[in-house]
Every structure is written in C-alpha cells, then in structure tokens.
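Input: one structure, supplied below.
The values are calculated or read from the model by the stated rules, or taken from the named source; none is laboratory data. Since the model is a prediction, treat every value here as computed from it, not as a measurement. In this analysis, Cβ positions are derived from the backbone assuming ideal geometry, glycine residues included, and neighbour counts consider all displayed protein chains.
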Amino acid sequence: MQEIISYLEENKNRFLLELKEFLAIPSVSTKPENKPEMQRCAEWIARHLTALQMQNTQIYETAGHPVVYSEWLGDHAKPTVLLYGHYDVQPAEPLELWTSPAFEATIRDGNLFGRGATDDKGQVFIHFKTLEAHLKTSKNLPINLKLIIEGEEEIGSPHLLPFIEKNKELLKADLAVISDTPFFAKEIPSITYGLRGIAYMQLEVVGPNRDLHSGSYGGAVHNPIQALAEIIAQLHDKNGRIAIPGFYDEVRRLTRKEREAYRKLPWSDAKYAKDLGLKQLHGENGYTTLERLWARPTLDCHGIWGGYITEGTKTVIPSLAAAKISMRLVPDQQPDKIAQRFEKFVKKIAPKTVQARVQCLNLVEPAMTPIDSPGVKAALAALEKGFGKKPLYQREGGSIPVVTHFKKILGLDTVLLGFGLPDENAHAPDEFISLDNFFGGIKAISYFYEELGK
C-alpha cells in the first residue's frame, strides 16, 4: 500500500486536470439537445478505463443514454465487487447564480466547483484513480471488479432496470458499492447503512365540469382548491404524525443502540434551524431531528396548483385543483401498500361535493445494509485509514433506487461509501467537492479494495 499511496501523492495535479476535463462535458441527461454530449461523456469514460488497462470495456446503447461497462477479473478466488455510478448531471440553470462557469471546474478555498463535482462524476472519478494507482504499481487489483456507469440517474434511470434484468450473468458479483452519499459533516467521515424509500402520488380534486365565475356561482359550489386544502390539512394530526390508517404498521423501530449512537453525533437543532432561516423546526413528536430525518417516515406536499395564478385578477372557481405528494418510507414499509392506503384514505376524507382522483407516479423501496456485514466492516477500516478518524454510522433520508434493484435482481447488499458533504450544493449552483475528501477518498477506496481482498 505504501507504493500506492506514494503514487497517489505524486499524481495529484494530473488527477485534478483529468477531473476538470471530465466535468467540462455538459452531460445533462434531461435535455434532448445534450444527447450528443451524453454520448461523448460515455466515450470519454470508456477511453479512460481502457487506458487504465481495465478489461472488456464496452458502451451499451439503451433506448435512452448509454451505459458504460468495464471489468477486471484477475483471480476468481477473490471477491467480486460491482461498482455503480452515473455520469449524467443536473441542469446548471440558473447560470447567473454560479460564481464561476458551471462546466469550467474551478478551485476555490480548498474545493473544486463545477456541475457534477460531487454528484456523481467526482465520486466516480475517485474510483477511477484508485484503479489506476493499483494497476500502475502492482499490475493487479486485490479484488475482481465490475463497473456500470449509467447516464440516466438524474431522470429516474428509466432504462437501467431492463439493463440489469438482461445482464444478470454479466453483473454477477458478491457485493455492490456506490459512492454517491455524503459524510455526516466536514472532517467527520461516516458510512451510510440505510436509505428511505418513496411513494410519490398525484392528487386531483375535480369539482364542476368547467371553470365558473365566482360572482355567479360562489356560495353554491365547493371550490376544488378549498376542498384540496381541506384534504391536505387532514393528512397529519396535531402531533405531526401521518393520519393515514395503517401507515405505521410495518415501520421498523429504531434500536436502542441506534438511538444512543444518534444522540452522540455532533448535532445542533439551533444551528440547523438558523442555517435554514427558520425560528423553529417541525416534525413528529417523540423523536429527535436526526431520527426524523433518517429513520422515520414522512409525508410532504411538493406542489399545488389550480385556478388563476398569473399577474392580475380573474375571479374564477376552477374545475380542478391538484397536488403532488410524496411519502418517504423506512425499512419494512412496502411502497405499493402505502400507496393503496393513501388513496383509500384520501377518497374517504374527500368532501362528497368533489371527486378525488389519485395517481401513483413512483415507488422505491427502502434499503438497509447490515452494519456487521464484511463490506461495511471493510469500509469502516478503510475510512479510518484514509482519513485518520474512526468513522460514524448514519442513515440517509433520500432514496437510491438501484440499491433495491441490486438486492432484488442480483441478490447483492450495497455498501454506500460516499465522500460528499451535506452543504456541497448538489443540484444547485456552485456545486463542489472538497479536495480533502476527493484525495482522502482515493486513499480510502484504495484501502477498501485491499480490505475486501483479505
């Protein structure tokens, strides 16, 4: 390992130049006009992996954007790891809010700024440089490795599941690894062992068969906007609990060990509220903020519309009002059951004066990796060696759908070994990755591969 660490130190400047080149490709998957750039980015990755002496590097075309596959299968007696990442990025707009151009990576204050710096190109590139260090120094890897780097994560990965289903044998492995999560805080390395799932719904409330003049009809019909507001107001009780019958039936309780561990974390509700510009936090009674963020289910309204909302006045009673509502789910909750319970409850409490229509837009199962698994133990040892501090355990409030795909289709647990930070502005202007975390991440992943090889 000393030879590998020396190689990493000697090539830091080149690594940054190569990462800047990677980040300069505007691989925005949601924009049709950027499709040529998506292809160019996939080809860039394939050339880079080939130059590193990786084997069987291929670009698999899909009905959308390509998937890049590569492998190193040096010794069948060693464990095989499946590494997943994505090369597509969010749109950079609003461009005027960037301090430096979004696709011209710039170093400031120990951070590298640019779209995709942390989500997820920078974190994928950490693995690329780890592979280089091993292959250039020892001509070998301590594990067998398979990589799939997709180009549609930011648009919901519509063609990834068919790719995995079609290529089960190609992707056969012992463990999956994803680097697309953050540390608990700067200089506090941590490993994520749990993700919440999601049930995303659209609720439409339909009233009269056309928009009506409020002067002529007001007082005679139930305004769908009012009815929608009444429904949304009943989705929580006064203690912040979700009021849907049976919603909490399958929720896995936090263990005493987990609750004690969370309370030891360096967390301040006052600082968190201040950073958000809030006077007071809000949530389910009986749980700490971290418990509510990581290990308790939630229900949130993301958008609401109906009637006249542009400049000026128009006295209309709309025919329809609608809202988008999601529920973040925790282990043992089944998204399809939660979606059914949501629809049943909404239709029950909807006023008889209107019609409630419910559409399910997306379902993702929650995921949990056992903290005593060999992969997590290897990650903990690697983080401590890479960053010089004993890492913490944490869960993540968001969802990574591919984790459940790997478990269901390939039977793989996933180690979530990310190097981002909570304030790294992913999806926002001035996205960045900490250079300490970038270089520390390369070192840690090098140790991680070594630990797994043992």
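Name the residue that is nearest to GLY420 (Cα to Cα), counting only residues in segment 388-398 that are surrounded by fewer than 21 Cβ atoms within 10 Å (Cβ to Cβ) and in contact (Cβ under 8 Å) with a residue 40 or more places away in the chain.
The extreme case among them is GLU396.
Something else about it: One residue is enough: does segment 302-321 have a residue meeting the conditions crowded, with 18+ Cβ neighbours inside 10 Å and within 23 Å of the chain's Cα centre (by Cα)?
Checked against the condition, which is being crowded, with 18+ Cβ neighbours inside 10 Å and within 23 Å of the chain's Cα centre (by Cα), segment 302-321 yields no hits at all.
Looking at segment 236-247, can you tell me whether even one residue there is farther than 30 Å from ILE309 by Cβ and in contact with a His (Cβ under 8 Å, 6 or more places away or on another chain)?
No, the conditions are met nowhere in segment 236-247.
So which of GLY420, GLY411, GLY453 is surrounded by 19 or more Cβ atoms within 10 Å (Cβ to Cβ) and either without any contact (Cβ under 8 Å) to a residue 12 or more places away in the chain or not aliphatic (A, V, I, L, M) (or both)?
GLY420 is the lone residue from the list that is surrounded by 19 or more Cβ atoms within 10 Å (Cβ to Cβ) and either without any contact (Cβ under 8 Å) to a residue 12 or more places away in the chain or not aliphatic (A, V, I, L, M) (or both).
Any residue that is exposed (fewer than 11 other Cβ atoms within 10 Å of the Cβ) and of a type in the set (Val, Ile, Thr) - is there at least one of those in segment 245-255?
Taking every residue of segment 245-255 in turn, at least one turns out to be exposed (fewer than 11 other Cβ atoms within 10 Å of the Cβ) and of a type in the set (Val, Ile, Thr).
Considering only residues that are assigned to a loop (DSSP other than H, G, I, E, B) and either buried (at least 20 other Cβ atoms within 10 Å of the Cβ) or in contact with a His (Cβ under 6 Å, 6 or more places away or on another chain) (or both), which ones fall in segment 352-376?
Hits for segment 352-376 are THR353, VAL354, GLU365, PRO366, THR369.
Only residues in segment 55-83 that are closer than 11 Å to ILE148 by Cβ count as the first member; pair them with residues that are polar (S, T, N, Q) and assigned to a strand (DSSP E or B), Cβ under 6 angstrom, at least 6 apart or cross-chain, and list the lot.
Qualifying pairs under 6 Å: TYR69/GLN58; SER70/THR57; GLU71/GLN55; GLU71/ASN56.
Restricting attention to helices (runs of 4 or more DSSP H) lying wholly within segment 1-68, give those where 1 or more residues are closer than 24 Å to VAL402 by Cα and at pLDDT 95 or above.
Helices (runs of 4 or more DSSP H) meeting the threshold: 12-23, 35-51.
Quick check on ALA102: is it touching a Lys or Arg at 6+ places or on another chain (Cβ under 7 Å) and crowded, with 22+ Cβ neighbours inside 10 Å?
Here the answer is yes, as ALA102 does meet what is asked.
Any chance you could count how many residues in segment 308-345 are among the small types (Gly, Ala, Ser), outside any strand (DSSP E or B) and touching a strand residue (DSSP E or B) at 6+ places or on another chain (Cβ under 6 Å)?
1
Looking only at segment 230-285, filter to residues that are among the acidic types (Asp, Glu) and assigned to a loop (DSSP other than H, G, I, E, B); which one of those is nearest to GLN334 (Cα to Cα)?
Among residues in segment 230-285 that are among the acidic types (Asp, Glu) and assigned to a loop (DSSP other than H, G, I, E, B), the one nearest to GLN334 (Cα to Cα) is GLU250.
Here is a follow-up. If you check ASN223 against the conditions, is it over 30 Å from VAL364 (Cβ atoms), out of contact with any Pro (no Cβ under 9 Å at 6 or more places or on another chain) and in the same structural domain as PRO297 (by TED's automatic domain parsing)?
So ASN223 does not fit the description; no.
Can you tell me which residues in segment 389-432 are assigned to a loop (DSSP other than H, G, I, E, B) and more than 28 Å from GLU260 (Cα to Cα)?
Answer for segment 389-432, where residues must be assigned to a loop (DSSP other than H, G, I, E, B) and more than 28 Å from GLU260 (Cα to Cα): GLY411, LEU412, ASN425, ALA426, HIS427, ALA428, PRO429, ASP430, GLU431.
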